[in-house]
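A short worksheet on the structure shown next.
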Amino acid sequence: MSQRPRGRGRPSFQAEHRDEDRGADPEAPSTSRAAGGASQGARRSQAAPAPGPRTQKQLELKVAELVQFLLIKDQKKIPIKRLDIVKHVMGDYRDIFPDLLKLAAERLQYVFGYKLVELEPKSNTYILINTLEPVEEDAEVRGDQGTPTTGLLMIVLGLIFMKGNSVKETEVWDFLRRLGVYPTKRHLVFGDPKKLITEDFVRQRYLEYRRIPHTDPVDYELQWGPRTSLETSKMKVLKFVAKVHNQDPKDWPAQYCEALAEEEGRARPGPSAAAPSS
Amino acid sequence: MQAGARRTGAMTDVHRRFLQLLMTHGVLEEREAERLQSHCYKVHNRSAQVDKLEDFIHNINSVLESLYIEIKKGVTEDDGRPIYALVNLATSSVSKMATDFAENELDLFRKALELIVDSETGFASSTNILNLVDQLKGKKMKKKEAEQKEGEFTLHGRAILEMEQYIREMYPDAVKVCNICHGLLIQGQSCETCGIRMHLPCVARYFQTNPDPHCPHCNDCWPHEIPEVFDPKKERETAVSKSSRKSQRSRQH
């Protein structure tokens, strides 16, 4: 087991603490793994006590665990806390957590088409956004039913946007009543609509649910949550509403302008673009 | 700046969509996988020729390798249908990932698994499993990997694909192996003289054209009914429902 770096012609992944060039591909060709003798490459320092030099294979495995953890956690649509990641997956590797996370994010994007995003800056919670556009026919080849609750969510999001980005809870129920959805009555498809809207969607960060002060009887207001802004757009929601009414989005000029403005805001690349590797 | 210059395969949106949708299934039959594949090609307007499914999957697997997961192909033990499932190859993270289930539920699953592997028939009766519950705190749990047949539990195709390695490591003495394909065996037929075992689909293939089957090991007469080899074409023609097909298989030991 040679201690010299193998002549692979690029900076060895395990040589440094990952603080630089992401160009080095840690998922090196399987020769390194198949060769049995782990490609140790350069050890970090001669006197290597705890936690010991990490082999490329170990690092690769750690990234793999992280990717799997993120995929599974995201399935529930609950934002993933940095603390949980460190607690359940990192272990001894917590010192290089940011680098491992970055690698995991790249793998998620390249392999699955999922983007790892921080829910709000400095919140230390993450979600996965699908970069592939969902297509109607996907529903026919899915293994699960998708979630029927998405329909209800879309309606509420639409209502919120059309009413100027904020709506009172009482207004929501007045509207949903017309569709046969009641806060106190069990629904065949949605189960408990009240819980869905005021708890589940809020926990998943699709909605924000805030008490309006000085109201009697107490009323709450509903707005879009941070996940909604990341996963969809005002224009998409407007198009959905228009489709439901069998009309054109432009039939609502105020909302159309607002949606357009948001699109333009997003299209303009900001000064801090997505993490430039290296 | 993606790792574009991989010597392994290249992922495109066609592959990604396939992978995403595959993950919504626990396990997929070959025919459904082909359908899924052609859907993904259609979505991305690939006028390119659709790869053969095996090559397509092989390409994806070469990329998945570094993530220690794999789209594994297997064959159902009862009627020999080819199936595909996404499996985790890194056994170290098995317990960590199972945050869906409570500790006692996992414990029950492990104990039930042990019962199944130890059993003669590959089935554990629900009574025996329920008796295990007394040794744990908590309620009985249902898991997709346990398939129920007339009050007995066994392991379904996906569980076997995913857990073969784990089972072999955990129960090296109790584990049964097929004499033909050397894969893990939960259900199958066995020779009454020398005790070797074979999967039903392996039996079907091995004795396919043989009017007078004999044990490949001790040459004694093979006493059991020889099942038919799974034929996907016949599948498509007949409109036989899944449930009636399953009951045609006979398990004998």
Could you tell me whether any residue of region B:172-183 is among the acidic types (D, E) and free of Cβ contacts under 8 Å to residues at least 12 places away in the same chain?
-> yes
Hand me the list of helices (runs of 4 or more DSSP H) wholly inside region A:203-274 holding 2 or more residues that are in contact with a helix residue (DSSP H, G or I) (Cβ under 8 Å, 6 or more places away or on another chain).
-> A:234-244, A:253-267
Subset of region B:1-27 [more than 7 Å from every other protein chain (Cβ to nearest Cβ) and at pLDDT 90 or above] = B:T12, B:V14, B:H15, B:F18, B:L22
Is it true that some residue in region A:213-222 is among the acidic types (D, E) and more than 23 Å from A:F201 (Cβ to Cβ)?
-> yes
Do we find that A:P121 is within 14 Å of chain B (Cβ to nearest Cβ), loosely packed, with under 15 Cβ neighbours inside 10 Å and not in a helix (DSSP H, G or I) in this structure?
-> no
Meets criteria (more than 24 Å from B:H15 (Cα to Cα), more than 13 Å from chain B (Cβ to nearest Cβ) and modelled with pLDDT under 50) for A:S32 = no
How many residues are outside any loop (DSSP other than H, G, I, E, B), hydrophobic (A, V, I, L, M, F, W, C) and either more than 8 Å from chain A (Cβ to nearest Cβ) or touching a residue at least 40 places away in the same chain (Cβ under 8 Å) (or both) if we restrict to region B:28-63?
-> 8
Check off (1) of a type outside the set (A, V, I, L, M); (2) in contact with a helix residue (DSSP H, G or I) (Cβ under 9 Å, 6 or more places away or on another chain); (3) assigned to a helix (DSSP H, G or I); (4) modelled with pLDDT of 90 or more for A:E140 and give me the number that stays unchecked.
-> (4)
Mind checking which pairs have a first residue in region A:129-142 that is in contact (Cβ under 8 Å) with a residue 12 or more places away in the chain and facing chain B (nearest Cβ under 7 Å) and a second that is aliphatic (A, V, I, L, M) and assigned to a loop (DSSP other than H, G, I, E, B), Cβ under 7 Å, 6 or more apart or different chains?
-> none
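The values are calculated or read from the model by the stated rules, or taken from the named source; none is laboratory data. Since the structure is predicted, the reported quantities are computational estimates derived from the model, not experimental observations. Cβ sites come from the backbone with ideal geometry, for glycine too, and all protein chains shown count toward neighbours.
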